[in-house]
Amino acid sequence: MKENDPGGARGGVGTLPGPGAPAQAAAGGARRRGGRAARDNRAAYAFLTPWLAGVLVFTIGPMLFSLYLAFTRYDLVSAPHWIGFDNFRHMFETDPRYLKSVRVTLTYVVVSVPLLLAFSLGLAMVLNRGLRFLTGYRALFYLPSLIGGSVAVAALWRQVFGEEGIVNKALGAIGIDHGSWVGNPGSALYTIVILQVWAFGSSMIIFLAGLRQIPRELYDAAAVDGAGAVRRFRSVTLPMLSPLVFFNLLLGVVNAFQAFTGAYVVSNGTGGPSDSTLFYTLYLYEQGFAQLNMGYAAAMAWVLVLGLAIFTGLLFLSSRYWVHYGDER
């Protein structure tokens, strides 16, 4: 009788796999994993389809159409007429009100953003001293950020700084007669700056959270070395808060360039007096929806996009010299 051969050709229970079996098993596993990954990808794209459709229809599509309109003459009634770069040439060469709107907006950005950062940081440092009812103070100070951009607050601001407003009544009590602040070309813009600074709550909360993350040992070590309050602020507080300063600065610049509601309500939509509050966005709105010069307004919008991109790029380039992160050596 023949002895059983475990490795024989019959391939019984004890049959050893051939030399190509591991590779075939690995290939089969890879195919199964690839199939599962493909099914997962299809399911993910299926769930993303509504969002992708919304982006294409409501964001990318209108942006591309507005880029086309920037090179046309279009009044919302007749068909767009291609005029090439005429809108841009008129913008920079023959439209003095456009250049005025650029100057007003740049002045607003340069004045309001540093004031907003300084005020919110100073108040955050005061609240960081462990005051009683801190939660209530934070909620109270954050409230202007929630309502600061509303039409109602801007209308109230116009009344506060008007000729019969509470500011003039307070000044009149000490013998100062100024007249309407919003009606004076020299002060109208700065009433809107004050409105922007008044909505300091969000940046203050961010600064307060950052202050609470600074180790107390750093201040103690600086005090042992003889550093005073100002030196501790410059050598400890500002470097540790520099990422948050950069974040708030970036948001403040972007928001200031797009400011509209305050200028529109305070000036009654005219940018007055004497175009002293003619913000870029306000002039864009006037060209597009008051004068129905939509092609010119589209060109202005794309110049604003490019300007914001340049400012944002410059801020990011400069951040490497003054923004310090905790993981840096």
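Over the chain, calculate the relative contact order: mean separation of alpha carbon pairs under 8 Å at least 6 apart, over the residue count, as a percent.
It rounds to 24 percent for the chain.
On a full-extension model of 0.36 nm per residue, what is the gain between Arg212 and Phe246, subtracting their alpha-carbon distance, rounded to one decimal in nm?
Roughly 10.5 nm would be gained on extension.
Of the options Trp198, Gln213, Leu117, report the single residue whose Cα projects farthest towards the positive end of the charge dipole of the chain (beta-carbon charges: Lys, Arg +1; Asp, Glu -1).
Gln213
Do the sum for the chain: with -39,500 (n - 2.57) for every DSSP H run of n ≥ 4, divided by all residues, what is the mean residue ellipticity at 222 nm, to the nearest 500 deg cm²/dmol?
Computed ellipticity for the chain at 222 nm equals -20500 deg cm²/dmol.
Taking amide hydrogens as modeled 1.01 Å from N in the peptide plane, which residues meet the under 5 Å criterion relative to Arg73, leaving out close sequence neighbours?
Residues meeting the amide H criterion: His81, Trp82, Ile83.
Could you give the size of the charge dipole of the chain about its Cα centre, using +1 on the Cβ of each K and R and -1 on the Cβ of each D and E, expressed in debye and rounded to the nearest 20?
Here the size comes out at about 1200 debye.
What FRET efficiency do you get for Trp322 and Trp198 if R0 is 35 Å and r is their Cβ-Cβ distance, rounded to the nearest 0.05?
Computed FRET efficiency for Trp322 and Trp198: 0.80.
Using a Gaussian network model of the chain whose springs link C-alpha atoms within less than 10 Å, name the residue from Thr135, Thr191, Thr107 with the highest mean-square fluctuation.
Answer for the Gaussian network model of the chain: Thr135.
Once you keep just the Cα pairs under 8 angstrom separated by 6 or more residues, what percentage relative contact order results for region 229-329?
Computed value for region 229-329: 33 percent relative contact order.
Neighbour counts of other C-beta atoms within 10 Å: give me Tyr321, Tyr190 arranged from fewest to most.
Tyr321, Tyr190
Assuming 0.36 nm per residue, please report the length gained on full extension of the stretch Asp220 to Asp75 beyond their Cα-Cα distance. Could you put the intermediate results ahead of the total?
Values: separation 145, 0.36 × 145 = 52.20 nm, distance 6.60 nm.
The span from Asp220 to Asp75 would gain 45.6 nm if fully extended.
GNM on the chain, C-alpha springs below 10 Å: top fluctuator among Arg158, Arg132, Arg89?
Maximum fluctuation in the GNM of the chain, among the listed residues, is at Arg132.
Please report Rg over Rh for the chain, where both radii come from the alpha carbon positions and Rh follows the Kirkwood definition.
On the way: Rg = 31.4 Å, Rh = 25.5 Å.
Taking Rh as the inverse mean 1/r over Cα pairs, Rg/Rh reads 1.23.
When Lys and Arg each count +1 and Asp and Glu each count -1, what net charge do the other residues less than 12 Å away from Ala227, Cβ to Cβ, add up to?
Values: positive: Arg231, Arg232, Arg234; negative: Asp220, Asp225.
Net charge in that neighbourhood comes out at +1.
Just to be sure I understand the model, the point goes 7 Å from the Cα along the line to the Cβ. What's the resulting Arg231 to Glu164 distance in nm?
5.8
No lab work stands behind these numbers, since they all come straight from the coordinates. All values derive from a computational prediction rather than experimental measurement. Positions of Cβ are generated from backbone atoms using ideal geometry, with glycine treated the same way; all protein chains shown enter the neighbour counts.
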